[in-house]
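Enquirer: Here it is: the structure, laid out below.
The values are calculated or read from the model by the stated rules, or taken from the named source; none is laboratory data. None of these values were measured; they are calculated from a predicted model. Here Cβ is always computed from backbone atoms with ideal geometry, including for glycine, and neighbour counts include all displayed protein chains. Side chains included, ligands, DNA and RNA excluded: accessible areas come from the protein's heavy atoms. Shrake-Rupley method; radii C 1.70, N 1.55, O 1.52, S 1.80 Å.
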Amino acid sequence: HTMADPSPLLCQSNSCTDDQESSDQRSHKQSISSLDEIVEQAILVSLASLFDSQQSFISVYTEAEPTWHCLNNTTCSSASNICMFPKSSWAWDGNPTTTALTIISEWGLECSSAFIKGLPAASHFTGCLLGIVFLATLADSSLGRKNLLFLSCLTMSVATSLTIFSNNLWIYSLLRFFSGISRATIGTCTIVLLTEKVGTEWRGLVGILDSFFFTIGTLTLPAIAYTNRSSSWTIIYLWTSIPTLVYSGLLYIFVSESPRWLFMQGRQEEAVEVIKSLSPIKDSNQLSLSLVSAVSFGHEPAASSKESSFLSSIRELFVRRWALERTLALMVPGFGIGVVYYGMTLGIENLGFDIYLGVVFNALLEIPNLASTIPSFFLTFFLIQKWNRKSSLLVLFIISGICSIMAVVANDISNAGKRMRIGLELASLFSAYIAYTVIFIYAIELFPTCVRNSATSIMRLAIIFAAIFSSVLVAAGSNNEFVSYGVFGLVIICCGFFVICLPETRGSSLCDTIDQREHKDSVTV
């Protein structure tokens, strides 16, 4: 017995049952009310990605080396290495009353090694790694998607607030480490919670919505940093921590849990209430056949669901051969995307480009609503809806890698070469951004509800590990560009070929149990 896509929300007419079609006679006011609630839920959940994005790239501004000028031109030249001159011969640009423009200027790290300068960013992403390893399974077992998302946002805001009080690099790095642990599960909980509430036809749209808000966060960050460029770096943390704290409260009050997860935990009544609250049909006697099947999912909940342990979902992924193969085959391409996605954004300063405008240009490529000038919305939606997952990812990987390598080749002293280099870097990011969205949708389709968040988190683990790897390359690439951008291109091309090992999932319904997934795969084969 196979299962049709059980998510009734935002269901299109060609995928709904006759009973649902007959419900067109319900009141217009009731329909609009339910649709508004669905949209509100989707927006509220997606907002988590905005704050997650800000903490991902905040180091671009708080840990950058400020510009400086000479106080005495006879003993100093601003075109030279700052470490060659005594501190009395130069000064930082900007507000002369403070040296706390960034942690580099406040703690005198301008002449420190690349390891010391990159320690906070590496600590943050290391925290993300550990957070995924030890916390991701809670979304599949005891806490659920909503509660883990709420706790992650809340603790991230607290850790970000405490970072303001750091008085040296080591405390700062430690707090960035805890911030990384806190935000580790936000990305996966957001996309999983979104997709488990909608049908197949809308899966790509909510995935793009998640990416849209992640991009909004990337855009608001340089605006905050530029506005406070003459103030202390602590102001940036203040302006990003308080909204996150407020959002955490709104999330807890207004967002409902995934009905799929509730049913898998044996909490059928709660699952029914969530679905009814989001359905246009409020009268229990008028619930459509599709809505009822959304509660039953075509199967009884797994007998072991109530007894699921902390690591049960991880154990399932490594015990089942097909699950292990899919997990490993997703981690490698995820690593490739992470190298370009984080490496190019964190390394924008190495391009000799303004760090405020550079991150803005990078973010503009990702915004679906700017499709009138940048075709990211249409291309992403087309790839998700019309193209096979494997083919689209492979093409995106190859394009991103070639553009990244060519960005090194195009580097010369002429203005034309610099403009070409920026264009190639943006093209590489454009492809990586779209691949980032597609691969998360792909991962969600490959695994059932009982292990979906854990499997997606493990793939994200590879992406975060790539962020650590790329942050080191960015620091080393300040003197040798091929070490950063050349390696970025080679890595994403090589990693991309691993998607060939995965089965195709475009247009398929989501499964809830391991048995359902295995039965569906056997029928497909």
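Enquirer: Surrounded by fewer than 23 Cβ atoms within 10 Å (Cβ to Cβ), at pLDDT below 90 and among the β-branched types (Val, Ile, Thr) - does that describe any residue in the range 446-462?
Expert: Within the range 446-462 (the criterion being surrounded by fewer than 23 Cβ atoms within 10 Å (Cβ to Cβ), at pLDDT below 90 and among the β-branched types (Val, Ile, Thr)), the answer is no, since none of the residues qualifies.
Enquirer: Residues that are open to solvent by 40 Å² or more (accessible area, probe 1.4 Å) and touching a residue at least 12 places away in the same chain (Cβ under 8 Å): which helices (runs of 4 or more DSSP H) entirely in the range 137-207 hold 2 or more of them?
Expert: Working: elements: 144-163, 169-183, 186-195.
Per the criteria, 144-163, 169-183.
Enquirer: From Tyr226, Tyr237, grab the single residue that is assigned to a helix (DSSP H, G or I) and touching a Phe, Trp or Tyr at 6+ places or on another chain (Cβ under 8 Å). Steps first, please.
Expert: Numbers: Tyr237 fails: touching a Phe, Trp or Tyr at 6+ places or on another chain (Cβ under 8 Å).
When all the criteria are applied, what remains is Tyr226.
Enquirer: Identify the single condition in (1) farther than 23 Å from Thr190 by Cα; (2) open to solvent by 60 Å² or more (accessible area, probe 1.4 Å); (3) at pLDDT 80 or above that Thr62 does not satisfy, given that it satisfies every other one.
Expert: If we test Thr62 against (1) farther than 23 Å from Thr190 by Cα; (2) open to solvent by 60 Å² or more (accessible area, probe 1.4 Å); (3) at pLDDT 80 or above, just (2) comes out false.
Enquirer: With the requirement that a residue be under 21 Å from the mean Cα position of the chain (by Cα) and closer than 26 Å to Glu196 by Cβ, what does the range 244-255 give you?
Expert: Filtering the range 244-255 for residues under 21 Å from the mean Cα position of the chain (by Cα) gives 244-248, 250-252, 255.
Listed by number, the residues that qualify are Thr244, Val246, Tyr247, Ser248, Leu250, Leu251, Tyr252, Val255.
Enquirer: Is one or more of the residues making up the range 200-207 among the polar types (S, T, N, Q) and within 21 Å of Cys153 (Cα to Cα)?
Expert: Checked against the condition, which is being among the polar types (S, T, N, Q) and within 21 Å of Cys153 (Cα to Cα), the range 200-207 yields no hits at all.
Enquirer: Could you tell me whether the range 97-114 includes any residue that is open to solvent by less than 10 Å² (accessible area, probe 1.4 Å) and within 27 Å of Ile253 (Cβ to Cβ)?
Expert: No, there is no match, as no residue in the range 97-114 is open to solvent by less than 10 Å² (accessible area, probe 1.4 Å) and within 27 Å of Ile253 (Cβ to Cβ).
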